[in-house]
Amino acid sequence: MQRAHLVAAFLTFAALCVGVSALSVSRDRHATLEQARREFAATAHLLDEHASRAIEAGDAQLRMLLDALERWDRRDPAEGQRIQAAMRARAERLPQIGGVWALDAQGRLLLDSAEHPPPPRDLSERDYAQAHLGVTQGSPPTLHVGSHLPAGPGVNQGRFTISRALRDEEGNLQAIAVAGIRNTYFSQMYGEAGWGEGARLALFTSGKEKLAEWPPDSAVAPPAAAWPQPWDPSDSPAIVEGRQITAARMLTGFPIVVVASRPLAEVLAPWRERALWTAAISGGILTGASVLFVFALAGARREDAVRAELLRANQSLDERVRRRTADLEKALRSAEMASLAKMKVLATVSHDLRQPLQGLAAFHELLLKEAPNPTLQQLGAMASASLQAGQRLLDDLLTLSRLEAGVVPVEIGVFPLAPLLDQLAAELRAEAEGKGLRLIVMPTKAWVRSDPARLQPILRNLLSNAVKYTARGGVVVGARPRGDGLRVEIWDSGQGIAAAELGTIWEEFYQIGNPARDGSRGAGLGLSIAERTARLLGHPLEVRSRLGHGSVFAVTLPRVPAPAIPSPGTAPRSGPPVPPAGPAAAGRLSGRRVLVVEDDPLQRSSLTLLLEQAGAGVMAADSFDSALAAVQATLQAPSAILSDYRLPGGTDGLSGIQTLRGVLGRDIPAILLTGELSADLVRAAKDAGCLVLTKPAAPNRILSTLAELTAGADAAA
């Protein structure tokens, strides 16, 4: 009976051993196939990215060539030579480009990067020519991917083509730009990547025509079941097709499919080896069990040890996942703290740099009034110009830093465009007329959606540059519909911009024709700030130019229907109204009482002297507690309040003004003179009925603003 029990136990053990081995081998095979599918899906994604970058670079060459062809005056042979030289230079910098050429509307060779002038050739029978010559008139231009080029003089079998057509506004074909793409560029990269001996990698057109493959001449056929369909997700895994594991992806934006495949035999080779080892181990266990079954107890102990090791491994993996998650959360918190720190540094730098400049501006104004010597007056005017240049540079640098830090607020609204254009033209009309230029703003009734406070400096910079760099002729500003948008264009008849510099004019500190860095011409930050602000608003910014003929800068805005009854809130907000600065403001402060609240002694002293020379009576204090005590002691309410924003003791200028108004029971006119650059502060000051002047403010502007605010006040004798 004991023997029967032993035999039954052995048979049961043997059956379990065989079953577990078979299950392990089966699961291992499934896991191996799943891993291979994921790896080949990743391979196809990598090929997709590589091919997309290569085709995008070639497509960029086509777009630049089409842009040059559109502007080319074919009566100028030198212009054709320059375009051909630029084509050749760009093609030589890109290893995937095997040549760039252009055809006219009849399919004849017009330009060739290899030589100029090109030999007369009729290429109308080529597939890329037929693809565009046969397109229905008016159809939008698209990228066409062609097959291998036929053998011929200077052409080998290692290229395929991409092409685009240039059409006029009526859709008539004007020219065809073609680029030859070296398929050896892809084959060489595929061969050097080490995908495996049996791997097959290829590029096909969407019509399943082969463009490139590795290994060369391997006769890779387009897959059937794995061929990507429009409804397939972009991250579809590889599938088993016949005796291959195949992954295929369609390039985004291009009619090209990348295919990666590998034989199942090669993929499953490691699994077969493991399966043999599993079978050998199982046979050894069964053989050992048949000789001495008692070792089963030891085997059970070993199995427990393996299970414990697996459990420890799982626990260790869980711990590593928890640590990695904690590290990522810590990194995220650090990034958020760094962003907040950068915002704090920007605010501090803005305030602390503007403080001394404000005092310098006031003392400089006082010094000029006390210097009757014409030579000193001239030197003072030069110092004033330098001070203004430094202020402009500081404003530009801080604006650029805020854009880079992503702390510039945006408030989108709907408003008419005409008042904004008229305001900018009024600002620059005197400068244009002084140069003998015609400044014309075409009338428009269009309404747009944007942030007027951010849009205004963009248009001001473009219009100011047009006036600055135009010596004769004029500047025209107009708006024309483009689909759902409105394209605001600024045309000038200036010196123009070379094609090689069109891409660099948006860089910081770059100025055309100013190698000596003449400070009177600015710092070269205006276009960079305009481009980044336009990008923040989502408004495309473009430029076209011809040397000696002028330039066209354009920004495209979202267009909206005009409301039936415009509401007061739809007008562009351009900040609080500020009276024009002028020396006449000084005499208009006679008899006014101005309360100055400034914690910096030097700033307080400069403002006091400035206001006293303008005829005002000044009460100066370093805090609003002291200001309230001074007002109560004199029993006279001030005509106006001029206060800094940052004050000691946890009180800011805005809350101090509101507190003082409440105590006195009067809505006293008030100005915040601050170095803060905050849209929130401007909104809060506007809600409280206060004006905001940003340090350093010109002394005449301070005096004019105070004169305007106190114009209705009773002058004290």
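In segment 198-221, what count of residues is obtained for those that are of a type outside the set (S, T, N, Q) and open to solvent by 50 Å² or more (accessible area, probe 1.4 Å)? Don't jump to the end; show me each part of the working.
Taking segment 198-221 as the starting set, the residues that turn out to be of a type outside the set (S, T, N, Q) are 198-204, 207-217, 219-221.
Pick out the ones that are also open to solvent by 50 Å² or more (accessible area, probe 1.4 Å) and you get 200, 207-210, 216-217, 219, 221.
Total satisfying the criteria: 9.
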Next item on the list: Kindly establish whether Ala383 is within 20 Å of Ala534 (Cα to Cα), assigned to a helix (DSSP H, G or I) and at pLDDT 60 or above.
Entry: no
Margin query: Cβ-Cβ distance below 9 Å, separation of 6 or more or different chains: which pairs start in segment 10-23 with a residue that is under 14 Å from Gly284 (Cβ atoms) and open to solvent by less than 70 Å² (accessible area, probe 1.4 Å) and end on one that is in a helix (DSSP H, G or I) and among the hydroxyl-bearing types (Ser, Thr, Tyr)?
Written below: Ala14/Ser290; Cys17/Ser282; Ser21/Thr278; Ser21/Ser282
Next item on the list: Residue by residue through segment 137-187, note down the ones that are assigned to a strand (DSSP E or B), open to solvent by 30 Å² or more (accessible area, probe 1.4 Å) and at pLDDT below 85.
Entry: His148, Gly152, Val155, Arg182
Check: Within segment 280-308, which residues are open to solvent by 80 Å² or more (accessible area, probe 1.4 Å) and modelled with pLDDT under 85?
Finding: Val291, Val294, Phe295, Leu297, Arg301, Arg302, Glu303, Asp304, Val306, Arg307
Check: Within segment 67-76, is there a residue that is in a helix (DSSP H, G or I), more than 30 Å from Glu273 (Cβ to Cβ) and open to solvent by less than 40 Å² (accessible area, probe 1.4 Å)?
Finding: yes
Next item on the list: Residue by residue through segment 586-626, note down the ones that are in a helix (DSSP H, G or I), in contact with a strand residue (DSSP E or B) (Cβ under 7 Å, 6 or more places away or on another chain) and crowded, with 23+ Cβ neighbours inside 10 Å.
Entry: Leu607, Leu611, Phe624
Margin query: Checking Thr246 against (1) farther than 26 Å from Ala57 by Cα; (2) at pLDDT below 80: exactly one of these is not met. Which one?
Written below: (2)
Checklist line | Flag for Trp277 being free of Cβ contacts under 8 Å to residues at least 40 places away in the same chain and exposed (fewer than 14 other Cβ atoms within 10 Å of the Cβ) | finding: yes
Check: Across segment 104-130, which residue is most open to solvent (accessible area, probe 1.4 Å) among those that are farther than 14 Å from Gln174 by Cβ and in contact with a Lys or Arg (Cβ under 8 Å, 6 or more places away or on another chain)?
Finding: Pro120
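With respect to Ala697, determine if the residue is assigned to a strand (DSSP E or B) and under 22 Å from Pro601 (Cβ atoms).
Against the criterion (assigned to a strand (DSSP E or B) and under 22 Å from Pro601 (Cβ atoms)), Ala697 does not qualify.
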Next item on the list: Pull up segment 442-464, narrow it to residues that are open to solvent by 10 Å² or more (accessible area, probe 1.4 Å) and outside any helix (DSSP H, G or I), then point me to the one that is nearest to Glu531 (Cα to Cα).
Entry: Arg449
Check: In segment 656-693, what residues are out of contact with any Ser or Thr (no Cβ under 8 Å at 6 or more places or on another chain), part of a loop (DSSP other than H, G, I, E, B), over 21 Å from Asp622 (Cβ atoms) and not basic (Lys, Arg)?
Finding: Gly665, Asp667, Ser678, Ala688, Gly689
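For every residue, the table says whether it meets (1) acidic (Asp, Glu); (2) under 15 Å from Ile176 (Cα atoms).
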site	(1), (2)
Glu39	yes, no
Ala86	no, no
Arg108	no, yes
Asp112	yes, yes
Next item on the list: Please verify whether segment 469-491 includes one or more residues that are in contact with a strand residue (DSSP E or B) (Cβ under 6 Å, 6 or more places away or on another chain), surrounded by 14 or more Cβ atoms within 10 Å (Cβ to Cβ) and part of a loop (DSSP other than H, G, I, E, B).
Entry: yes
Next item on the list: Scan segment 511-526 for residues that are surrounded by 13 or more Cβ atoms within 10 Å (Cβ to Cβ) and either in contact with a strand residue (DSSP E or B) (Cβ under 9 Å, 6 or more places away or on another chain) or at pLDDT below 60 (or both) and jot them down.
Entry: Gln511, Ile512, Asn514, Gly519, Arg521, Gly522, Ala523, Gly524
Item checked: In segment 244-274, the residues that are charged (D, E, K, R) and either touching a strand residue (DSSP E or B) at 6+ places or on another chain (Cβ under 6 Å) or surrounded by 12 or more Cβ atoms within 10 Å (Cβ to Cβ) (or both) -> Arg249, Arg262, Glu266, Arg272, Arg274
Check: Any idea which of Ala640, Ala630 is open to solvent by less than 40 Å² (accessible area, probe 1.4 Å) and more than 20 Å from Thr710 (Cα to Cα)?
Finding: Ala630
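The values are calculated or read from the model by the stated rules, or taken from the named source; none is laboratory data. If you're wondering where the values come from, they're calculated on a predicted model, not measured in any experiment. FYI the Cβ positions are ideal-geometry reconstructions off the backbone, even for glycines, and counts take in every protein chain you see. Ligands, DNA and RNA are stripped out before the accessible areas are found, and what is left, the full protein with its side chains, is counted by its heavy atoms. Shrake-Rupley method; radii C 1.70, N 1.55, O 1.52, S 1.80 Å.
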